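The values are calculated or read from the model by the stated rules, or taken from the named source; none is laboratory data. Model, not experiment: these values are computed from the prediction. A quick note on method: Cβ atoms are made from the backbone with ideal geometry, for glycine too, and the neighbour counts reach across all protein chains shown.
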Amino acid sequence: MPVILQCFSLVIRRDRIAAVFPGGWAQFVAERGLPPEEWWDDDLVRLGAMNNFQFEMLVNDARALGLRLTSKRDEREVFQDMCVLASPENRLSLPCNWIDVRPDGTASFAGSRRKPRRPRIKNQERMEHAERTLDAILGLLALPPAERFFLPLHRRDGATGTLRTEPGTRRSLVVDGEAGHETFRWAEDVVNAGWEVLP
């Protein structure tokens, strides 16, 4: 299903959202709200603005999360994780090989999905604990930030800590422990550092 465009549209690949949000689409929705139905589909989400100032804020927010607006391909600048379309004709200001802009004011995905690279769990012997911890962290990230709680954790060496989140940062998973705090990008990083949810 194509997404509907407006005055200034920032169209973001959903596979790239999954690559920068540890909790993927569920975390994106929890932190930003579910866009209207015609603004997203399985591959794209469109954020819009009515003026340049609001639009610049959208782009800067997306960049702060780790999304890249442009990259170089064959010495030419092209759109990478997101693209900009402006009315009245919804024209792309740079080439973009993953979007199809239609004359009816909609856009659809024309690329191939990229699976985000995430760390692997190192300690396979404790996979049951790792999976339980991953599920607990992803469940926490699927809650709106105001409803998130501190998740109690422990390590096999007896250390204890609590996991909290700092939305809007790339290393948004923070474990506050007796020796200070550690920051992580992925739930798998928390597990690989030896942290587990309390049974």
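Considering the stretch 9-123, the qualifying strands (runs of 3 or more DSSP E), each wholly inside and each with 3 or more residues that are under 24 Å from residue 169 (Cβ atoms) and either more than 18 Å from the chain's Cα centre (by Cα) or not assigned by TED's automatic domain parsing to the domain that holds residue 148 (or both), run over 44-49.
Of the strands (runs of 3 or more DSSP E) that lie entirely inside the stretch 144-192, those containing 2 or more residues that are within 21 Å of residue 27 (Cα to Cα) and of a type in the set (Val, Ile, Thr) span 160-165, 173-177. Within the stretch 159-176, being surrounded by fewer than 16 Cβ atoms within 10 Å (Cβ to Cβ) and small (Gly, Ala, Ser) holds for 159, 168.
Residues in the stretch 150-176 that are polar (S, T, N, Q) and either over 20 Å from residue 129 (Cβ atoms) or in the same structural domain as residue 29 (by TED's automatic domain parsing) (or both): 165, 169, 172. In the set 133, 183, only one residue is outside the structural domain of residue 28 (by TED's automatic domain parsing), touching a residue at least 40 places away in the same chain (Cβ under 8 Å) and touching a strand residue (DSSP E or B) at 6+ places or on another chain (Cβ under 6 Å); that residue is 133. Criterion first (touching a residue at least 40 places away in the same chain (Cβ under 8 Å), crowded, with 17+ Cβ neighbours inside 10 Å and within 24 Å of residue 140 (Cα to Cα)) does residue 62 satisfy it? So residue 62 fits the description; yes. Considering (1) modelled with pLDDT of 90 or more; (2) surrounded by 14 or more Cβ atoms within 10 Å (Cβ to Cβ); (3) in a loop (DSSP other than H, G, I, E, B); (4) not hydroxyl-bearing (Ser, Thr, Tyr), the lone condition that residue 137 does not fulfil carries the number (3).
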